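Peer 1: Okay, here's the structure, questions in a sec.
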Amino acid sequence: MDRETQLAMLRDMLLARAFEERAAEEYTKGNIAGFLHLYPGEEAVAVGVLHAAEPSDYIVSTYREHVHAMVRGIPPRRVMAELFGRRHGCSRGMGGSMHLFDRERRFMGGYAIVGETYPVAIGIGYAVAMRGLPEAVICFFGDGAVNQGTFHESLNMAALWRLPVLFVCENNRYQIGTEIHRHSAVAEVYKRACAHRIPARRVDGMDVMAVYQATAEALGEIRSETGPRLIECETYRYRGHSMADPGTYRPKVEVQAYERKDPITVAIAETLPRYPTPEEIAAAGPDAIEGLIGAMNDAGRLTAAQLDALKAEVTQVVEDAVAFAAASPEPTLADAQAALDCNRNGEVLI
Amino acid sequence: MAEEMLYWQALNRALDAEMALDESVFILGEDVGLYGGSYRVTEGLYARYGEWRVRDTPISEGSFTGLGVGAALVGMRPVVEIMTINFSLLALDAIVNMAAKVPFMSGGQFPMALVIRMPGGVAKQLAAQHSQRLEQMYMNVPGLRIAVPATSQDAWWQLRQAIRSDEPIVFIEHELLYFSKGPVDLEAEAPPMHRARVHRQGRDLTIVAYSRMLDLSLRAAAQLAEEGIEATVIDLRSLRPIDWDTCVASVEQTHRLLVVEEDSRFAGSGAEIAAELAERCFYHLDVPPARLGGRELPTPYNGTSEAQCIPRPSDIVAAARRLCGT
Ligand SMILES: Cc1ncc(C[n+]2csc(CCOP(=O)(O)OP(=O)(O)O)c2C)c(N)n1
Ligand SMILES: [Mg+2]
């Protein structure tokens with residue numbers, strides 16, 4: 001992999017972490033409300049997958065989608081403004097954190113009813129296949145989402161009609177408070193794809209290079225019209241399910257197991273009914289981000305000065321995003337009505 | 001003796017009481033067990049009754065609600081918790097095509113002692129997919145009964161009655177009521193589950209409300225009283241059936257009717273309530289019945305717009321004034 005791509009991925013992961021931690025802060029201050037699902041710990045998945053995609057590919061995501069949106073190119077300002085519920089947000093203040101949309105960038109939405117991303121993705125895939133275009137659809141979903149009927153229904157149709165869809169499972173082992181072995185008889189998500197004869201594999205979702213590689217290969221195969229693929233990324237979220245969830249249900253033994261793999265989770269020991277601070281996360285040692293930094297260091301591709309510059313840059317971007325969001329006006333009910341009537345084309349009813 | 005209790009605690013006590021009395025009662029839903037329920041309603045029950053009676057489910061609303069139907073057919077009393085009413089759209093087949101139909105289609109052979117509990121309503125900036133009310137959808141389904149408790153006391157009474165009923169009950173709670181406090185008399189005898197309750201007597205108009213709109217209507221009535229307008233406030237408590245007699249008796253005295261609902265007005269619950277009471281009280285009404293409801297919009301995420309989308313106490317006061325011609 002070229003250094004440029006690697007650096008860009010590192011930058012996006014740093015931005016993702018900084019943005020999400022800041023969003024948590026803004027939520028605590030009351031500038032963001034509702035359900036806020038954050039992504040720290042899982043950055044390697046969105047960053048690895050989306051860097052391997054083409055701008056002409058479509059993205060369908062869930063309610064935990066801020067990072068997907070930014071990596072896809074939606075300016076952090078417009079994402080933050082949406083979290084603030086403002087007019088310059090990417091959904092004009094109508095959608096909020098769980099419903100980011102950007103038609104121009106083919107970001108086809110954040111869907112908040114679990115299991116909705118599959119049918120939307122195969123619908124877009126159907127249109128792409130019908131038109132004979134070299135595009136693909138990337139469909140994100142969680143480990144808990146595979147037990148919704150739409151998962152099997154959609155995988156069957158995708159395979160049956162060889163639709164150009166890449167299904168990406170972000171397996172963070174939890175469906176809110178329910179651990180994967182308590183919600184799924186088969187805890188290896190990728191194995192379910194074989195019921196529909198969809199080639200599938202499992203990758204280390206904490207390793208951005210591995211995610212990138214697997215995605216690039218799968219998309220290559222999809223573009224040669226061989227039908228859908230599925231990738232399961234094993235990952236972990238450091239925070240609770242959302243800002244409303246302290247995440248204290250995770251048993252000590254498991255946290256300890258993850259500590260060995262990723263010492264950041266030290267901070268979410270069962271005895272601590274609170275979130276880790278950014279300092280604690282930083283002090284806890286290497287995670288997906290630190291892993292990449294280490295690898296680039298070892299390869300002589302990153303100096304301390306370059307890293308500092310990157311960190312300063314993303315801090316600035318986040319600062320700017322918050323200022324932009326705070327300055328953006330609130331939408332009005334007339335804006336809401338206009339959004340509802342967006343497809344009326346001037347027709348007057350009754 | 002009444003004790004102060006949060007709404008969720010009253011529901012929790014009701015579940016506990018019925019589970020202790022009857023082994024055929026069991027709970028299932030997402031995060032109801034180990035986690036204790038998203039709104040704490042099932043807290044402590046997993047430890048007390050074990051995993052067969054408090055079952056954490058996958059995210060499979062259609063099938064676990066259907067499971068409730070199957071279990072009810074053979075005499076169990078399942079209490080299915082759907083995390084919010086928005087997700088019950090995925091369970092409509094089980095609720096509408098199965099629970100409401102099988103006892104009838106079989107010529108009356110089977111019990112259907114199924115309770116489907118879920119919160120509805122606009123909470124705080126949860127956006128369009130998570131802010132729906134939808135009770136009017138279930139109102140149109142013969143074979144279902146619908147309870148909508150507005151107070152801690154009714155949460156305690158009505159949930160126990162729902163569990164004991166052999167009919168399928170759609171039990172609609174409210175996200176903003178879980179942490180409201182009220183007196184609960186655990187020993188007092190419960191009125192029938194579908195009986196409406198008059199919370200306040202006044203001569204000038206009748207305000208009919210339910211669920212969270214009861215509290216807002218009572219606040220509005222207090223303000224109206226300061227202006228010399230005396231309102232009767234009725235809490236329906238049940239949306240199918242509706243206790244028309246209580247409403248009619250009041251409207252015959254006040255001659256004015258205002259229906260307050262949180263959902264959009266068009267084809268909402270208020271449409272049914274106003275139409276029926278207009279038919280029954282036509283010659284007693286001084287003015288046409290009025291309905292106050294939410295706007296015809298999916299709920300915007302933005303907090304200011306969201307607040308403008310559902311009735312506020314000031315809106316109720318204004319509607320009452322208009323009705324009374326002041
Ligand atoms: C149909 C439906 N049921 C329940 C919920 C409530 N809910 C929101 S997220 C979630 C857990 C999803 O877990 P998973 O798919 O693993 O995604 P994660 O949040 O871990 O990324 C649940 C149960 C919902 N939004 N939609
Ligand atoms: Mg998960």
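Peer 1: Hydropathy first: keep DSSP H helices in chain A averaging at least -1.0 on Kyte-Doolittle, then drop any whose Cα extent along the axis falls short of 18 Å, and list what survives.
Peer 2: Details: long enough: A:3-29 (39 Å, -0.68); A:117-131 (21 Å, 0.97); A:208-223 (22 Å, 0.53); A:304-327 (35 Å, 0.74).
Long hydrophobic helices here: A:3-29, A:117-131, A:208-223, A:304-327.
Peer 1: Could you tally the net charge around B:Thr57, taking each other residue with its Cβ under 15 Å from the Cβ of B:Thr57, Lys/Arg +1 and Asp/Glu -1?
Peer 2: Working: positive: A:Arg182, B:Arg53, B:Arg55, B:Arg117; negative: A:Asp143, A:Glu179, B:Glu30, B:Asp31, B:Glu51, B:Asp56, B:Glu61, B:Glu81.
Local charge sum for B:Thr57: -4.
Peer 1: Could I ask something else about it? Helix B:244-254 against the longest principal axis of chain B: what's the angle in degrees, Cα atoms only, rounded to the nearest 10?
Peer 2: 20
Peer 1: Taking a quarter of the surface of the Cα convex hull of the stretch A:70-146, what do you get in nm²?
Peer 2: On the way: hull surface 22.7 nm².
So the Cα hull casts an average projection of 5.7 nm².
Peer 1: Stokes-Einstein at 25 °C, 0.890 mPa s, Kirkwood radius from Cα pairs: D for the stretch B:81-168 in µm² s⁻¹?
Peer 2: Details: Rh = 14.1 Å.
Roughly 175 µm²/s, to the nearest whole number.
Peer 1: Another question, then. Could you report the buried accessible area between A and B, both sides summed, computed with a 1.4 Å probe and given in Å² to the nearest 100? Intermediate values should be presented prior to the final figure.
Peer 2: Values: alone 15630 and 13960 Å², together 26870 Å².
Answer for the A-B pair: about 2700 Å² buried.
Peer 1: Pop a pseudo-label 7 angstrom from the Cα along the beta-carbon direction at both A:His181 and B:His255 and give the gap in nm to one decimal.
Peer 2: Each label point lies 7 Å from its Cα, and together they span 7.3 nm.
Peer 1: Name the residue, out of B:Ser63, B:Ser24, B:Ser305, whose mean-square fluctuation peaks in a Gaussian network model built on chain B with Cα pairs under 10 Å.
Peer 2: Comparing B:Ser63, B:Ser24, B:Ser305 in the GNM, the peak value goes to B:Ser305.
Peer 1: Using Cα springs under 10 Å in a Gaussian network model of chain B, which residue among B:Val74, B:Val260, B:Val248 shows the largest mean-square fluctuation?
Peer 2: B:Val74
Peer 1: Under 10 Å from the Cβ of B:Ser305, count the other residues' Cβ atoms, weight Lys and Arg +1, Asp and Glu -1, and hand me the total.
Peer 2: Details: positive: B:Arg295; negative: A:Glu330, A:Asp335, B:Glu306.
With Lys, Arg at +1 and Asp, Glu at -1, the net is -2.
Peer 1: Moving on to the next point. What number does the stretch B:197-324 give for Rg over Rh if you use C-alpha atoms and the Kirkwood radius? Mind dumping the intermediate values first?
Peer 2: Values: Rg = 13.8 Å, Rh = 14.5 Å.
Taking Rh as the inverse mean 1/r over Cα pairs, Rg/Rh reads 0.95.
Peer 1: Using a cut-off of 12 Å between beta-carbons, work out the net charge of the residues near A:Cys90 (Lys and Arg +1, Asp and Glu -1, A:Cys90 not included).
Peer 2: Values: positive: A:Arg72, A:Arg77, A:Arg78, A:Arg86, A:Arg87, A:Arg92, A:Arg103, A:Arg105; negative: A:Glu65, A:Glu82, A:Asp102, A:Glu104.
Summing Lys/Arg as +1 and Asp/Glu as -1 gives +4.
Peer 1: For chain B, find the longest principal axis of its Cα atoms and tell me its angle to the long axis of helix B:152-164, 0 to 90°, nearest 10.
Peer 2: 50
Peer 1: Output needed for the stretch B:3-184: three equivalent-ellipsoid semi-axes, defined as square roots of 5 times the C-alpha gyration tensor eigenvalues, in descending order, whole Å.
Peer 2: 23, 19, 16
Peer 1: A follow-up question, please. Could you work out which residue, out of B:Ala275, B:Ala231, B:Ala155, moves most in a Gaussian network model of chain B, that is, has the largest mean-square fluctuation with Cα springs under 10 Å?
Peer 2: B:Ala275
Peer 1: Sticking with this one: Checking a compactness column here: for the protein assembly as shown, what do you get for Rg(Cα) / (2.2 N^0.38 Å), N being the number of residues?
Peer 2: On the way: Rg = 26.7 Å, N = 676, 2.2 N^0.38 = 26.2 Å.
Taking the Cα Rg and dividing by 2.2 N^0.38 Å, one obtains 1.02.
Peer 1: A further question follows. Compute the separation of the alpha-carbon centres of the stretch A:174-241 and the stretch A:286-308 and state it in Å as a whole number.
Peer 2: 26
Peer 1: Would you tell me the accessible area of B:Lys124, worked out with a 1.4 angstrom probe on the heavy atoms of the protein chains, in Å² to the nearest 10?
Peer 2: 130
Peer 1: Extension gain B:Thr326-B:Trp244, at 0.36 nm per residue separation less the Cα-Cα distance, in nm?
Peer 2: Full extension of this stretch gives 26.7 nm more.
Peer 1: While we're on this one: Quick one, what does Rg over Rh come out to for chain B if you take C-alpha atoms and the Kirkwood Rh? List each step's numbers first, then the result.
Peer 2: Values: Rg = 19.6 Å, Rh = 20.1 Å.
In chain B, Rg relative to Rh is 0.97.
Peer 1: Calculate how steeply helix B:7-21 sits against the longest principal axis of the alpha-carbon atoms of chain B, using the helix alpha-carbon long axis, and give the answer as 0 to 90 degrees to the nearest 10.
Peer 2: Rounded to the nearest ten degrees, it is 40.
Peer 1: Computed from the mean reciprocal separation of all distinct C-alpha pairs, what Kirkwood hydrodynamic radius does chain A have, in Å?
Peer 2: Values: mean 1/r = 0.0482 Å⁻¹.
Radius from the Kirkwood sum: 20.7 Å.
Peer 1: For B:Arg280, A:Arg197, give the ranking by accessible area with the largest first, probe 1.4 Å. Please report the intermediate quantities before stating the final value.
Peer 2: Numbers: B:Arg280 110, A:Arg197 220 Å².
Result of the area sort, largest leading: A:Arg197, B:Arg280.
The values are calculated or read from the model by the stated rules, or taken from the named source; none is laboratory data. Model, not experiment: these values are computed from the prediction. Cβ sites come from the backbone with ideal geometry, for glycine too, and all protein chains shown count toward neighbours. We work out accessible area using only protein heavy atoms, side chains counted, and drop any ligands, DNA or RNA first. Shrake-Rupley method; radii C 1.70, N 1.55, O 1.52, S 1.80 Å.
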